[in-house]
Amino acid sequence: MVAGDLQFETVAETIGIIKARGSRGLAIELDVTSNESVADAVRRAVSEFGRLDGLVNNAGVCRMGSALEARTEDRDIQHAVNVEGLYSCCQLAVRQMMEQESGGAIVNIASEAGKVGYPNSAFYNATKAAVISLTRTMAQEWSGAGINVNAVCPGGVNTAMLYSVAQWRAEKDGCDVDELYSQMTPGLMDRHIEPLEVGRVVAFLLSAHALIIRGQSINVDGNATPY
C-alpha cells in the first residue's frame, strides 16, 4: 500500500501501523494540485511494488461561507483539490494501469453534499457533484481497459473536516461547538460514522468482488441521503 498526503507525518504514521502488522507500505509526501507530485507518486509506487492496481482519491478541502460572500481563493482551492487534483490522479494512474494491461480499480471519495447540497458550502457541494459526474464518465470510458471506477458519498463521519464545519457553524450561531458536533450524526444512527467503516466499503469496491458495481456513487451516510 502507498499512502500520500501533504502532511507526511500523517501518512508515515499510517504506513508504520501497516508495517507493524506485517504488510508492505510506502509513505509519500503528495500534493494533488501538482501534476509533477502526482506523477512522482505513481513512479515511486510502481518502483516499490512493480505495478499499480488501485487508486483511492481521498484528498479534500472544505471552505465554509455563504454563496453570496464566497471568496475567490476559497473557490479556487476547493476546485483545485477536489476536482482538478482528483482528475489528475485518475489520469496518471489509469495511464499506468493501461500500460500494464491488467486493469485496476478506482474509488473516488465524493460526499452526500454532492447529492443533497448544504447551505454555506455551495462550492464544496458543487465540487463533490462534479466528482459524482466524473465517476460516471470515467467508468464508461475506462471499462474497456478493465478499470472499474466508483465513488462513495460519506456523511456524518468523525473527521477533523466535519469538526471544522461544526466550529464554523458554532461561531456563526453562537452555540457550543461540541454539543453541535454531537448532533451532526447520520439520519438513522445515534453516533458518527467512523472512517474505518467507510474504508471497509472502499476496500470492497477496490476488490474483484465489486466488478458488477460500476460508475456508482454509493451512500455511506447512515441513510442521511434519500437517493
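The values are calculated or read from the model by the stated rules, or taken from the named source; none is laboratory data. Quick caveat, the model's predicted, so the values are computed rather than measured. Here Cβ is always computed from backbone atoms with ideal geometry, including for glycine, and neighbour counts include all displayed protein chains.
From S66, S88, grab the single residue that is more than 18 Å from the chain's Cα centre (by Cα), surrounded by fewer than 20 Cβ atoms within 10 Å (Cβ to Cβ) and small (G, A, S). Walk me through it before giving the result.
Details: S88 fails: more than 18 Å from the chain's Cα centre (by Cα).
Being more than 18 Å from the chain's Cα centre (by Cα), surrounded by fewer than 20 Cβ atoms within 10 Å (Cβ to Cβ) and small (G, A, S) holds for just one of S66, S88, which is S66.
Look at segment 104-152 and say how many of its residues are within 20 Å of P226 (Cβ to Cβ), polar (S, T, N, Q) and surrounded by fewer than 24 Cβ atoms within 10 Å (Cβ to Cβ).
Count: 3.
Which pairs do you get when a residue that is within 21 Å of S143 (Cβ to Cβ) and among the hydrophobic types (A, V, I, L, M, F, W, C), found in segment 69-91, comes within reach of a residue that is at pLDDT 95 or above and assigned to a helix (DSSP H, G or I), reach meaning Cβ atoms under 8 angstrom, with the pair 6+ apart or on two chains?
Between residues of segment 69-91 that are within 21 Å of S143 (Cβ to Cβ) and among the hydrophobic types (A, V, I, L, M, F, W, C) and residues that are at pLDDT 95 or above and assigned to a helix (DSSP H, G or I), the close pairs are L86/V131; L86/L134; C89/V38; C90/L134; C90/M138.
Name the residue, out of R214, R200, that is farther than 21 Å from A59 by Cβ, at pLDDT 95 or above and either surrounded by fewer than 14 Cβ atoms within 10 Å (Cβ to Cβ) or touching a helix residue (DSSP H, G or I) at 6+ places or on another chain (Cβ under 7 Å) (or both).
Working: R200 fails: farther than 21 Å from A59 by Cβ.
Criteria check complete, one pass: R214.
What are the residues in segment 1-26 that are buried (at least 16 other Cβ atoms within 10 Å of the Cβ) and within 16 Å of the chain's Cα centre (by Cα), if any?
Of everything in segment 1-26, those that are buried (at least 16 other Cβ atoms within 10 Å of the Cβ) and within 16 Å of the chain's Cα centre (by Cα) turn out to be V2, A3, G4, D5, V11.
Having 2 or more residues that are within 15 Å of the chain's Cα centre (by Cα) is the bar; report the helices (runs of 4 or more DSSP H) wholly within segment 108-208 that clear it.
Details: elements: 122-142, 160-173, 177-183, 195-206.
The qualifying helices (runs of 4 or more DSSP H) are 122-142, 160-173, 195-206.
Taking into account only those residues within segment 27-63 that are closer than 13 Å to A3 by Cβ and polar (S, T, N, Q), which is surrounded by the fewest Cβ atoms within 10 Å (Cβ to Cβ)?
Out of the qualifying residues, it is N58.
List, please: which pairs have Cβ atoms under 6 Å, are six or more places apart or on different chains, and start with a residue in segment 172-190 that is modelled with pLDDT of 95 or more and end with one that is among the β-branched types (V, I, T) and not in a helix (DSSP H, G or I)?
none
Would you mind stating whether V157 is in contact (Cβ under 8 Å) with a residue 40 or more places away in the chain, touching a His at 6+ places or on another chain (Cβ under 7 Å), surrounded by 13 or more Cβ atoms within 10 Å (Cβ to Cβ) and of a type in the set (A, V, I, L, M, F, W, C)?
Details: in contact (Cβ under 8 Å) with a residue 40 or more places away in the chain: yes; touching a His at 6+ places or on another chain (Cβ under 7 Å): yes; surrounded by 13 or more Cβ atoms within 10 Å (Cβ to Cβ): yes; of a type in the set (A, V, I, L, M, F, W, C): yes.
In short, yes.
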